[in-house]
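Here the structure is laid out as structure tokens; the discussion comes afterwards.
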Amino acid sequence: MQQPGMVTYSPQAPVQTQPQAALAAPVPFAAGPFGSAPPFAQTGLPVQGQQPNPAQVLTQQLVQTARSLEQLFPGYQALLSLLLEASSNAPSPALNEAVRSVEEGLYYHGAALGAIRRILCGEATPNVLMNLAAGFHGLMRTQPRVRAAAEQVLSLMPSARQSLTGTLVQSIGAADGVLAAAATAIQTLVGPQAWEAARTT
């Protein structure tokens, strides 16, 4: 039987809000702490003391963006575990909606990271760039609902605030700053046309 706090999540497309552009399927990652993706490899980064070329600079930006997004996975997954535990003990429409919001956020995280990994593997096609922009905009749209879900579950389970301060509270609290920094890098990478097209879908 699955124990509380040990939920294994496989990103799935949300039922109600899907962007018109087809997102790249999240790339499966080897399991790490909390099931998060392992750090991206630094293949292609410049050796210390050498002047980086444009391709190396781009690789470095992509790796840094991926690492920033990866920081949010443990908090999102811990939040989903708590919400599933709370909804099983006292089901309610509000908790069910909160679960859907966090699942949607995790899906868009996986989609954005999957697109970054494909770009790092040499698939920087217009479709993949559009997938990255669409995944990131979806993540930005779900973030306010994820934050509200965190506040909701912590009010229902005060003990979780102490036990998960480092994982959940800090992760969700830092998400806005992480996403703002990632937005700048992704907007530069995909270009204004793809960025705006994904934002308005």
Q | Criterion violated by Gln64 - all others in (1) in contact (Cβ under 8 Å) with a residue 40 or more places away in the chain; (2) closer than 18 Å to Leu154 by Cβ satisfied | A | (2)
Q: Could you figure out which of (1) among the hydrophobic types (A, V, I, L, M, F, W, C); (2) surrounded by fewer than 22 Cβ atoms within 10 Å (Cβ to Cβ); (3) out of contact with any Lys or Arg (no Cβ under 8 Å at 6 or more places or on another chain) isn't true of Leu69?
A: (2)
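Looking only at region 158-201, how many residues end up being modelled with pLDDT of 75 or more and not aromatic (Phe, Trp, Tyr)? Quick ask: steps written out before the conclusion?
Within region 158-201, the first condition is being modelled with pLDDT of 75 or more, and the residues that meet it are 174-200.
Keeping just the survivors that are not aromatic (Phe, Trp, Tyr) gives 174-194, 196-200.
Summing the residues that are modelled with pLDDT of 75 or more and not aromatic (Phe, Trp, Tyr) in region 158-201 gives 26.
Being more than 10 Å from the chain's Cα centre (by Cα) and crowded, with 20+ Cβ neighbours inside 10 Å is true for just one of Leu113, Leu106, Leu83. Which residue is that? Steps first, please.
Numbers: Leu113 fails: more than 10 Å from the chain's Cα centre (by Cα); Leu106 fails: more than 10 Å from the chain's Cα centre (by Cα).
Answer to the selection: Leu83.
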**Q.** Unique match (being of a type in the set (D, E, K, R), surrounded by fewer than 19 Cβ atoms within 10 Å (Cβ to Cβ) and either in contact (Cβ under 8 Å) with a residue 60 or more places away in the chain or more than 24 Å from Gln187 (Cα to Cα) (or both)) among Arg118, Arg100
**A.** Arg100
Q: Would you check if there is a residue in region 49-65 being at pLDDT below 80 and aliphatic (A, V, I, L, M)?
A: yes
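The values are calculated or read from the model by the stated rules, or taken from the named source; none is laboratory data. In this text the structure is predicted, and so the values were computed from the model without any measurement. FYI the Cβ positions are ideal-geometry reconstructions off the backbone, even for glycines, and counts take in every protein chain you see.
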